[in-house]
Structures are given as structure tokens and as C-alpha cells.
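Encoded as C-alpha cells, the structure appears first; notes follow it.
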Amino acid sequence: MLDTAGQRVWTEVDLDAVAHNLRQVRELMQGTKIMGIVKDDAYGHGAVECTRVLEKNGVDFFGVATIGEALELRQAGIRSDILILGWTDPDQAALLAEHDLIQTVVDVPYARELNARGLKLRTHVKADTGMNRIGISWQPQKKDLDGFFEVYAMENLSNEGIFSHYPVSDDLGEDAMAFTARQTTMFRELVSILKENGIDPGLVHIQNSYGILNYGDMGFDYCRPGLLYMGVTSNDAIPVVNDLDFIPALSLRTRVEMVKDLQPGQTVSYGRHHEVQQPETIASLAIGYGDGLPRLISNKDLTVLVNGQEARLVGNICMDQCMADVTGLDVKPGDVVTLIGEDGRKRVTVDAITRCSESINNETFCRLTKRVPRFFTGTGDPDAVRKQAADQEDADGGH
């Protein structure tokens, strides 16, 4: 039982669910190894704790966005390979070497800067097959083969891999699938050309989370799931080819601060957008946009659970509080409110918050700020959550 006494807001991350979700991805991907993407604190789930669970369950490679994120893992004792997927200042090359980190080559001039530092650096080369974000161009409009040749020939760069990225692998429409297929073909073509010219491209990877769900095992060395092992996708309304047995790992909870009775004509919160029409009981909740709850969800009838009972948020979200209509419910200060997760037999999902804020689940999780403590349950056993659910069902008499 978690000791959350005294907490105004917190998350609970089920590490057994993380392990279970990893197994689902592994079973789909068969021979393709998994690079666990744990950037931005593992999408707000706790990078160190999630990385340890993934490592415990056989993941030997991790991806982060920044050198700071990589150093946090090293300082926590993570010794597996870590790829920095974004740009690192070349002046920090010594840190890359000292901590045995793998740096992405974002383009040829950047590779020249790294090489000029005179240190032996581990790198993966990014091939831009259509995302047009970072990478050396390999597209129908421009194929910079000389650039790839130059980078692989640099004496101080140990180019141990090559990768690209899918921008529309979440889209099963004809045009998007044709674009993804073209990317895949060009990426394979580039790898083949390098090999034909006596260059070992190293580890080859391109599939992100939707690339995994919609295209399965494509025979590359690694795939790069992020939210998948958290048990969610970017948007659960988007259809996928392989709908895996995922279990959401994160719950978000807060507490009731006070309860008040309002009469017709009174209004709630900034802007006075919620006006009471009939007598209402309003509970003030100890969470706001300063904790990461998007202000965009204001006045959209988002449902939360108060002691397992459904209530809707009303009025504008404030920095540190928000309000819920709890008319007819038995509610008192200190009661637990669930914004993401289960309470009793009811569940509220991160997707509900995401849709109200017109975003994706990635951003909703990443919004959760450092003033929201993370609590962890489980040990990282992939069988534990299903066993627990079965035991609960037996205790309930199968209902």
C-alpha cells in the first residue's frame, strides 16, 4: 500500500505494467531487439525507475533526447548503451567520451565538429528519409551519398549505427502508408549502398511506436518504443494493425481541498465561465496547470473520479487548483480524486484529458511537472498485473 499521506497531488507508476507491456512489444517484434526510449523522464513516468525495469527484463539499449538525460541514467548506475537522439554541443564531447555515450550525427558539418575534437566518440548516423528534422538527406529530392561516405570515414567517430524516423506511421491512409513504404525502401537502399561500398553501417533502426504497431517485425536490428511500454499510444482513437494487450502504467491523483454549496447565479473560477443554474456542491481540487493539468481542458465537462464516483470539472483550470461539481456525492476534504487511472470499478483515461486539450498523450504525460511526486509500485514482473487482476476477480466471485 502506497503511503501518500500528506500529498496534494501525485502519480502512481505500476512497474509490473511496464514489464507486461514490454513483453507485448517483444512478442510482436520477434527477432527485432528493443531500444527503450526514456526521454523527458520516460514521458513523465520516471526515467531511472523505468529504465531499471526495462533493463531487468532484457532491454540493453536506451534512447534519450539530451546529454543531461543520459548523465542522469549513468549517475543512477545504468551501464547499458545510451543513444542521445538529439543535438549535443560539441564542446561537451569530453563528457560523451567519459561516460561512454553514443551521440547522434545530426548532419555532416556537425560530424566535422565532433571529429575535430580529437576524441574517440561513439555515434549513430541519422538519415533523413522524409521527416526533415535532423539527419543527412536521403530523399528523392536529394541523396547526399558523399556526406554519408565522409562521416563513415572520419577517424575519430566510431559510427556504430544508422537510423531514420517515420513521421506518419500512425496513419493507415493510402497516402501516408505509401510515404512510409517509400521511406523504408530508401532507408534499405542506403544501407545496401553503404555495404556495397565496404562500409559497415552498424546497427540499423527506424521503427517508432506506431511503426511497431502498424508494421510489426521488419527485420531491422532494433525498434524504438516509447509510450508503448507505458501501456498507451499517442491517441487511442487512432486505429492500429496490431492492437496489443496493453495495461496503462500511470495514474494521476489529487485531493479535495474544500467543499462548498453554491446557489443559482453564482459563478466559478477565473472568467466566470461556469454559472450555477441549480444548487450545486463544488469541490476544490489541489491540482492545476502548475502541476501539468492543461488549462485547455477548462469547461469541457471532463470526468474525474472522487472516491470512485464520477464528477465533472467546471470553470477554468487555475495554476494550483481546479473545481469539480460533486452535487449529490459524499465528498469531504482530503478525499482522493483520480484524473488518470482506476478507482473502484471505474477508470478515467489520459486520452480524455488529451482530447480536451487537443494534443497527444505524449504531451499530456510530459506536462506533469517536477512538483508532482512519482510513486512506484511493483517490482517489474510481467506476470504480476495479470495475476493480481485474476485474484481480484476470484475474490469478487467472478463478477
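What the table below lists for this structure:
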{"read-out": "Selected from ALA283, ALA116, ALA237 as most flexible by GNM, with the chain as the system and alpha-carbon contacts under 10 Å", "value": "ALA237"}
{"read-out": "Fraction of accessible area attributable to carbon and sulfur, the range 80-136 (%, probe 1.4 Å)", "value": "49 percent"}
{"read-out": "Volume in Å³ per residue [convex hull over Cα atoms, computed for the range 44-128]", "value": "97 Å³"}
{"read-out": "Cross-link pairs LYS346/LYS387; LYS332/LYS387; LYS332/LYS370; LYS56/LYS387; LYS300/LYS346; LYS39/LYS332 - those with Cα-Cα distance over 29 Å", "value": "LYS332/LYS387; LYS39/LYS332"}
{"read-out": "The chain - accessible surface per residue (Å², probe 1.4 Å)", "value": "44 Å²"}
{"read-out": "Space enclosed by the convex hull of the alpha-carbon atoms of the range 287-337, per residue, Å³", "value": "72 Å³"}
{"read-out": "Relative contact order of the range 242-399, pairs being alpha-carbon contacts under 8 Å that are 6 or more residues apart, as %", "value": "23 percent"}
{"read-out": "Solvent accessible area, Å² - ASP381, 1.4 Å probe, full protein context", "value": "60 Å²"}
{"read-out": "R0 of 30 Å, Cβ-Cβ distance ARG312-ARG371: FRET efficiency to nearest 0.05", "value": "0.75"}
{"read-out": "Cα-derived Rg over Rh, computed across the range 1-77 with Rh taken as Kirkwood radius", "value": "1.02"}
{"read-out": "Projected label distance in nm at ILE238 and THR303, using a 7 Å step from Cα toward the beta-carbon", "value": "2.5 nm"}
{"read-out": "Linear extension gain, ALA94 paired with GLU155, 0.36 nm per residue minus alpha-carbon span", "value": "20.3 nm"}
{"read-out": "Cα-centre dipole for the range 40-164 with unit charges at Cβ (Lys and Arg positive, Asp and Glu negative), debye to 20", "value": "200 debye"}
{"read-out": "Cα convex hull of the range 315-355 - mean projected area over all directions, nm²", "value": "4.0 nm²"}
{"read-out": "Heavy-atom accessible surface of the range 256-341: percent carbon and sulfur, 1.4 Å", "value": "47 percent"}
{"read-out": "Descending principal axes extents, the range 135-205, alpha-carbon based, whole Å", "value": "44, 22, 19"}
{"read-out": "Heavy-atom SASA rank of ASP170, ASP383, ASP335 (probe 1.4 Å, accessible area, largest first)", "value": "ASP383, ASP170, ASP335"}
{"read-out": "Whichever aspartates and glutamates have a C-alpha closer than 14 Å to that of LYS260, once near sequence neighbours (fewer than 8 apart) are set aside", "value": "GLU280, ASP325, ASP330"}
{"read-out": "Cα-based equivalent ellipsoid of the range 289-399: semi-axis lengths in Å, sorted from largest, via gyration tensor", "value": "27, 19, 13"}
{"read-out": "Hull-based mean projected area of the chain, where the convex hull spans the alpha carbons, in square nanometres", "value": "22.3 nm²"}
{"read-out": "Accessible surface ranking that places the most exposed of LEU368, LEU95 first, with a 1.4 angstrom probe", "value": "LEU95, LEU368"}
{"read-out": "ARG122, ARG23, reordered so the largest accessible area comes first (probe 1.4 Å)", "value": "ARG23, ARG122"}
{"read-out": "Cα convex hull of the range 172-282, projected area averaged across orientations, nm²", "value": "12.8 nm²"}
{"read-out": "Over the range 59-99, volume per residue of the alpha carbon convex hull, in Å³", "value": "60 Å³"}
{"read-out": "Computed magnitude of the charge dipole of the chain (debye, nearest 20; Cβ of K, R +1, Cβ of D, E -1)", "value": "560 debye"}
{"read-out": "Whole-angstrom Cα spans of the range 223-333 along principal axes, big to small", "value": "56, 28, 24"}
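The values are calculated or read from the model by the stated rules, or taken from the named source; none is laboratory data. All of these numbers come straight from a predicted model, not from anything done at the bench. When we count neighbours, we look across all protein chains shown, and the Cβ atoms used for this are built from the backbone with ideal geometry, even at glycine. These area figures cover heavy atoms from the full protein model, side chains too; ligands, DNA and RNA do not enter into them. Shrake-Rupley method; radii C 1.70, N 1.55, O 1.52, S 1.80 Å.
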